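Nothing in this text is a laboratory measurement; each read-out follows from the coordinates by a stated rule. Remember, it's a predicted structure, so these values are computed and weren't measured experimentally. Cβ placement follows ideal geometry from the backbone for every residue including glycine, while neighbour counts extend to all protein chains displayed.
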Amino acid sequence: MAIESRVEVRGAVEGRSREILSEPALEFVAALQRRFNPRREELLRARVLRQQRLDTGEQPGFLPETREIREGDWKTAPPPPDIQDRRVEITGPVERKMVINALNSGARIFMADFEDANSPTWDNNLEGHANLIDAIEGVIEFKNPDGKEYRLDEKTAYLLVRPRGWHLLEKHLLVDGRPVSGSLFDFGLYVFHNLERRRRRGLTTAFYLPKLESHLEARLWNEVFGFAEQELGAPVGTIRATVLIETILAAFEMDEILYELREHSIGLNAGRWDYIFSVIKKFHTRPDFILPDRALVTMTVPFMRAYTELLVKTCHRRGTFAMGGMAAFVPSRKDADVNRVALDKVREDKVREAGDGFDGTWVAHPDLVAVATECFDAVLGERPNQLERQRPEVEVEGGQLIDVRIPGGKVTEEGLRLNVSVGIQYLESWLRGNGAAAINNLMEDAATAEISRSQVWQWVHHGAQLEDGRRVDRALVSTLEDEEMSKLRQTYGPELWAKGRFDEARAIFEEVALADEFVEFLTLPAYERLS
């Protein structure tokens, strides 16, 4: 399928896909690509140059050239009337049944995810857009093979959407002979089909923006929003966005990011899992940045505490929302003791966030909505948020954000084995088209898989010493891979194992965990294997 031979679709266009990929919709995406992709590519090259400077010892810090913005007395646009109460948000992929369950979960907001929780197959992406149209229209339904039917309740969560990050491409759509930006593809199709739909209902068209590394990347999004509003005949501010602060470099530019998006902003989010991954990635050459077992890098360790405290203070000073991090626990249907211990940890996490001044938080499973809501209700009461909580007592120096020392931190065989097992299992799930995988009672997505493989790379590259005295090397990782693959083969059985893609998953895991050079994102080589 081609539009004037300069827009080429290299995937099947059947059924609802014809509606999603209408000629006007494709031309709109092409206009976004032609106008903004050159700047996107410049910014990605700037990331590479910044990484080279970090590799040679540069320390990140607050930017001297934007000091006036940080010290200035300005506010973002007030939150729109329909987005005032965000105390609990649930996230998940754009798969049809999950969309219905999330909207019915009792959460205030559902973030429909085209990014880390979505395996970006062509079918998943296009079906996801059809599902969101049906959700907005209130007609989305799903019938299980066992006959169980799913429909929307009378009261549902408010819909936000997360497009892919600036670094990703959509290989099935070419504009002028080159793949389009995954960000512009996801954003463009959603706003083209739904901005007016939502306006007619008095609703804002709102997004989450992932993996930004600088305020200049936020500026590009702001320009994209302004262009879309103009082209689609909507007032400035019709489109709003929350930025995930999930890279260590963005943590030094929170004020600047809000400033760039000030007409379109509705806050920042503490994207904890990608943030941890970013710390490893940005300082992967530096032995003084070795992190211990993933389970020990909690939200209460000093560098994570500094990051979240600064986020709340920054957002509330600018009059916008501060959103807490993900509770990834998936309740067990068989083990009440596992549930009791895990729910106590979830409750402790959410009590801390509410007490720190966050306006809301994230959960990954509908069964966590009630406990998270209870924790925020205890602080908010009838108030929709706590924007008035200014946190003047918080003072965070740049050095605190990059002081990754963790008291009692250690690297263990158990932690290494867990990283190997989770990394392979998640990649296998992702290759089969499922980007949100329940593993060991946790909802794993691309961000948590990134922690697993990057820690393995870091430990191998720097010869980290295990608690028992052994050094982490390729041979040890390979032995653990063999052992974990054997366990998984037994768990799945021969029939399911044969239908899986475990050998491919292991090969990708080794490519991103054992290569001499650090691979920036595991989804880049993995995407080459998706249809």
Cβ density ranking, 10 Å radius, fewest first, applied to K155, K281, K487 yields K155, K487, K281
For the chain, averaging the sequence separation of alpha carbon pairs under 8 Å that lie six or more residues apart and dividing by its residue count, the contact order in percent is 16
The residues R318, R501, R471, sorted from fewest to most surrounding Cβ atoms within 10 Å, come out as R471, R501, R318
With +1 at each Lys and Arg Cβ and -1 at each Asp and Glu Cβ, the charge dipole magnitude of the chain around its Cα centre, to the nearest 20 debye, comes out at 460
Taking placed amide H atoms and a strict 5 Å upper bound, the residues 5 or more places from A327 or on another chain that come that close are W362, V363, A364
Charge dipole of the range 26-158 built from unit charges on the beta carbon (Lys, Arg +1; Asp, Glu -1), centred at mean Cα; most positive-end Cα among I100, Y158, P145 is Y158
Measuring from its Cα centre, the range 413-527 shows a charge dipole (+1 at each Lys and Arg Cβ, -1 at each Asp and Glu Cβ) which, in debye to the nearest 20, is 260
When the charge dipole of the chain is computed with +1 on Lys and Arg Cβ and -1 on Asp and Glu Cβ about the Cα centre, the Cα farthest towards its positive end, among A449, L431, H193, belongs to H193
Under the helix-only model (-39500 (n - 2.57) for each DSSP H run of 4 or more, divided by the residues of the chain), the mean residue ellipticity at 222 nm, to 500 deg cm²/dmol, is -15500 deg cm²/dmol
Whole-Å distance linking the alpha carbon centroid of the range 337-383 with that of the range 231-302 is 21
Shape descriptors of the chain over alpha-carbon atoms, Rg and Dmax in angstrom, are 22.2, 65
Ranked output for segments 26-36, 64-74 by mean other Cβ atoms within 10 Å, highest leading, reads 26-36, 64-74
Links exceeding 32 Å between C-alpha atoms in this model, out of K345/K487; K143/K487; K97/K334; K171/K487; K97/K313; K171/K499, come to K143/K487; K171/K487; K97/K313
Residue by residue through the range 199-211, the couplings from Karplus 6.51 cos²θ - 1.76 cosθ + 1.60 with θ = phi - 60°, in Hz, x for Gly and Pro, are 4, 4, 9, x, 10, 6, 9, 10, 9, 10, 10, x, 6
